[in-house]
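Below you'll find the structure, written out as structure tokens, and then a few comments.
The values are calculated or read from the model by the stated rules, or taken from the named source; none is laboratory data. Remember, predicted model here, so these are calculated numbers, not experimental data. Ideal geometry is used to build each Cβ from the backbone, glycine not excepted, and the neighbour counts take in all protein chains shown. Only protein heavy atoms, including side chains, enter the accessible area calculation; ligands, DNA and RNA are left aside. Shrake-Rupley method; radii C 1.70, N 1.55, O 1.52, S 1.80 Å.
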Amino acid sequence: MACMFNCFFTWWILLILAVMIGVKIYLFFTTGVCNSARRIDGKTAIVTGANTGIGKETAMDLAGRGAKVILACRDLDKGEQACKEIIAVTHNKQVEVRKLDLSSLESVRNFAKNILETEERLDILVNNAGAGGLRNVKSSDGLQMLMQVNHFAPFLLTCLLVGLLKKSAPSRIIMVSSLVHKYAKLEIDNLNFEKWFTHTQAYNCSKLANILVANELARKLKDTGVTVNSLHPGAVLSDIWRHWDKTYITVLKPIIRLYFKDCVEGAQTSVYLAVSEEVEGVTGKYFSDCKETKPSKDALDEGLAKKVWERSEELVGLTPEQMDL
Ligand SMILES: NC(=O)c1ccc[n+]([C@@H]2O[C@H](COP(=O)([O-])OP(=O)(O)OC[C@H]3O[C@@H](n4cnc5c(N)ncnc54)[C@H](OP(=O)(O)O)[C@@H]3O)[C@@H](O)[C@H]2O)c1
Ligand SMILES: *[C@@H]1O[C@H](CO)[C@@H](O)[C@H](O)[C@H]1NC(C)=O
């Protein structure tokens, strides 16, 4: 009897181990890597949220390829720290920090104005900054905070910089979205979450909005030499978990360590879309693991994209003259 129980138990353990190893091997072979060795000397890139996580590694890679890289950060001290580290590792001194706080549209406008005044060109814009776990509060602009940081502010920023990107064509805009966009049920009359709000749904919707904006902008910028693509970085062990429940994270940490990507791996698809020869001229597509893949049906809905675009224009107070499309 004891043996039967023990044997049964042993078999279960072996089975679980086999599955765990199998998954690990599968991930090892499917994790996308940007294989391009392309240098981008003389080009200028902006990476938002570049002080930590996926953004920092994206900036690190682009700096390593010779570009001038502007780290757009809300916390200048943390930004300077990352900047020093990137310069020390890459020996590229053309890395600098500028203030961008997405929770304030004024900060977005000031940042864009400063870029337009100081930069002759802009070749790569990586909209990477994003947040989860924020409380449901309104920003000073009267927008739902999570939607503003993840969608409205990056939308405004991109619109304000589009003229410079066009002038510098061929140039590339990259939107860091997420796989969770597939769970979004976006209601256009609740884009700003005034009717009802749940945290995960707002996050999921913000990430769907990223893809819809990328696709709509890709259509608007057809034949200008500016490409716009979106991506899922993978499940990445970054700082994004900082706001989540601590006990939860402690229990899950060993598993997260084993199966999640580190930030260098998490940056690969962003880097691929920013530099690779393979995606020259490719626009309005969604990528994961450095490969084009299909987003949800809603993400491909052109009518929905147009509505989200127009509603976002209204909500951020963007006038056609401010945008050189
Ligand atoms: N990690 C994942 O598994 C995963 C999966 C799918 C998609 N993503 C997406 O990947 C992107 C990067 O995330 P991550 O994992 O690298 O997260 P992270 O380590 O938390 O980094 C997020 C970055 O965004 C910045 N940020 C947050 N709020 C901001 C604001 N109001 N204004 C300006 N910058 C702000 C953060 O600055 P502070 O340091 O000052 O807070 C930080 O630099 C996000 O768009 C996220 O949605 C991540
Ligand atoms: C949002 O996506 C997550 C997957 O990350 C899912 O678990 C959650 O249920 C979704 N939220 C809603 C309200 O559908």
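Take region 159-191 and flag every residue that is acidic (Asp, Glu) and assigned to a helix (DSSP H, G or I).
Of everything in region 159-191, just one residue is acidic (Asp, Glu) and assigned to a helix (DSSP H, G or I), namely 189.
Limited to region 159-185, what total is found for residues that are in contact (Cβ under 8 Å) with a residue 60 or more places away in the chain and within 16 Å of ligand 1 (Cβ to nearest atom)?
The total comes to 9.
Conditions: (1) within 15 Å of ligand 2 (Cβ to nearest atom); (2) under 28 Å from residue 40 (Cβ atoms); (3) among the charged types (D, E, K, R). Residue 187 meets all but one. Number of the miss?
(2)
Given the options 249, 211, name the one that is within 24 Å of residue 131 (Cβ to Cβ) and over 15 Å from the mean Cα position of the chain (by Cα).
Residue meeting the stated conditions: 249.
Any residue at all in region 112-126 that's within 16 Å of ligand 2 (Cβ to nearest atom), of a type outside the set (S, T, N, Q) and at pLDDT 95 or above? Give the steps one after another, and end with the answer.
Here is the first cut: in region 112-126, the ones within 16 Å of ligand 2 (Cβ to nearest atom) are none.
No, because not a single residue in region 112-126 is within 16 Å of ligand 2 (Cβ to nearest atom), of a type outside the set (S, T, N, Q) and at pLDDT 95 or above.
Among the residues in region 184-195, are any within 20 Å of residue 128 (Cα to Cα) and surrounded by 15 or more Cβ atoms within 10 Å (Cβ to Cβ)?
yes
Is it fair to say residue 71 is under 22 Å from the mean Cα position of the chain (by Cα), farther than 25 Å from residue 149 by Cα, within 16 Å of ligand 1 (Cβ to nearest atom) and not polar (S, T, N, Q)? Give the derivation first.
Working: under 22 Å from the mean Cα position of the chain (by Cα): yes; farther than 25 Å from residue 149 by Cα: no; within 16 Å of ligand 1 (Cβ to nearest atom): yes; not polar (S, T, N, Q): yes.
So residue 71 fails the test.
For region 26-47, how many residues are assigned to a helix (DSSP H, G or I) and open to solvent by less than 90 Å² (accessible area, probe 1.4 Å)? First the steps, then the outcome.
Keep residues of region 26-47 that are assigned to a helix (DSSP H, G or I), which gives 26-30.
Pick out the ones that are also open to solvent by less than 90 Å² (accessible area, probe 1.4 Å) and you get 27, 30.
Total satisfying the criteria: 2.
What number goes with the only condition from (1) in contact (Cβ under 8 Å) with a residue 40 or more places away in the chain; (2) over 30 Å from residue 241 (Cα atoms); (3) among the β-branched types (Val, Ile, Thr) that residue 10 does not pass?
Here residue 10 meets the rest and fails (1).
Taking region 48-67 only, how many residues are open to solvent by 30 Å² or more (accessible area, probe 1.4 Å) and either of a type in the set (Gly, Ala, Ser) or at positive phi (or both)?
Residues flagged as open to solvent by 30 Å² or more (accessible area, probe 1.4 Å) and either of a type in the set (Gly, Ala, Ser) or at positive phi (or both) within region 48-67 amount to 1.
Please return the ranges of helices (runs of 4 or more DSSP H) entirely within region 212-285 where 1 or more residues are in contact (Cβ under 8 Å) with a residue 40 or more places away in the chain and surrounded by fewer than 14 Cβ atoms within 10 Å (Cβ to Cβ).
Answer list for region 212-285: 246-259.
For every residue, the table says whether it meets (1) under 30 Å from residue 167 (Cβ atoms); (2) within 14 Å of ligand 1 (Cβ to nearest atom).
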| residue | (1), (2) |
| --- | --- |
| 220 | yes, no |
| 225 | yes, no |
| 230 | yes, yes |
| 233 | yes, yes |
| 252 | no, yes |
| 261 | no, yes |
| 276 | yes, no |
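Would you check which residues across region 297-310 are in contact (Cβ under 8 Å) with a residue 60 or more places away in the chain and either surrounded by fewer than 16 Cβ atoms within 10 Å (Cβ to Cβ) or of a type in the set (Phe, Trp, Tyr) (or both) and list them?
300, 302, 306, 309
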